[in-house]
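Everything on this sheet refers to the single structure shown next.
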Amino acid sequence: MGSDSRPLFFSTDPWGPAYVWGRSLIGLSNLLTLVFNSNAVLMHSRVDVPKPPRCSGVDSWAAFCHADVSVVRWVGSAVLLAVVIGYRPRWFALPHAWIAWTLSTSMSLTEGGDQIASNLALFMVPIALLDGRKWVWRERVPFGSAERPVTVWRSIGLAGLLLSVLQGFVLYFDAAISKVLVPEWADGTATYYWMRDLTFSPGGFRGDLVRWLTGSRLGVTLVTWGTLALEFALAAALVASLRYRRAIFFIGLLFHMTIAATYGLVTFMFSAAGQLTLYLHYDKQGDAADVFYSLKRWMRRLIATGRRLRESNAEQSGHLGQPNRSGAATP
């Protein structure tokens, strides 16, 4: 895997550019949802919820259950704007997580980007609470330097970053595996049906273009298997070098931009961009910072410490069991 001098995940700066950009991008996703959708769109009736929002059980903690929809929209927009521009992350850490969770649980129409943003906002709470900067773009956290040894505070920040990284792996690995198990994805024809489904297919020029692309055997196979290959490659990026992560980051970003252009899922694109940033850009130095290598090194140290303790205990027990001058064992 390389020498011990290589940059490690546990020497990463949790308050670095990945956190700053990732947090702003997922905040932007939620902000666009609140600003560009009316109350009627956010809270229209559904079969399972005739009069939204649903305020039973855990859902009763949602902001929409405690204030008018308009109030939540504009107060939430103000909170999210502060998140996007990077103002006082410590102040807005918990409000950001609450608003993001509210949107993912209480809106009438939610999509995967809302769940991604909600989880990431929660994972970044410990990082943001320990971020005392006024503006995240200009200043640096004193104890956030990657050159300093791991402290309690940096360990807490790294825990939030690690959860964000692992979510990125799970998302892409699950997406790839679940598709492979479907016969149409396995034989390379799935996108032919998706692009002609009356519920999901895009309309107008976009629909004509994607139907043309998937209208031939070669085209539909390339699009279908290309999607699978990319999702597997994104999952494999967890244990890849920084050079590979940088390359696959831009390919993944282009992939989500294409989905946004095809289906109009703009907010999902920003959530996915935030996830990709946190997943693939957690370390900006060196060429081999991966989570598994770091965990392996920490486990070796833990095992070595355990062995030394056992040897010390064995030596002490042997010393206590030796006979004294009178022939009796030492008590």
Taking a ≥ b ≥ c as the square roots of the eigenvalues of the Cα gyration tensor of the range 147-242, is the shape rounded (a/c under 1.5), prolate (a/b larger than b/c) or oblate?
prolate
Quick one: order E231, E311, E111 by neighbouring beta-carbon count within 10 Å, fewest to most.
E311, E111, E231
Whole-number percent relative contact order across the range 9-294, with pairs defined as alpha carbons under 8 Å at least 6 apart:
27
So how much slack lies between Y263 and Y193, counting 0.36 nm per residue of separation and subtracting their Cα-Cα distance, in nm?
23.7 nm
Quick one: order F36, F64, F169 by neighbouring beta-carbon count within 10 Å, fewest to most.
F36, F169, F64
Is the C-alpha gyration tensor of the range 9-294 telling us rounded, prolate or oblate? Criteria: a/c under 1.5 is rounded; beyond that, a/b larger than b/c is prolate, otherwise oblate.
oblate
To the nearest Å, what is the center-to-center distance of the range 197-212 and the range 20-93, using C-alpha atoms only?
31
In nanometres, the difference between 0.36 nm per residue of separation and the alpha-carbon distance of L222 and W91 is 42.4 nm
Starting from the exponent 0.38 and prefactor 2.2 Å, build the expected Rg for the range 204-271 from its residue count and divide its actual Cα Rg by it.
1.26
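Values quoted throughout were computed directly from the atomic coordinates according to the rules given, and no laboratory measurement underlies them. The model shown is predicted, which means the values in this text are computed figures rather than measured ones. Positions of Cβ are generated from backbone atoms using ideal geometry, with glycine treated the same way; all protein chains shown enter the neighbour counts.
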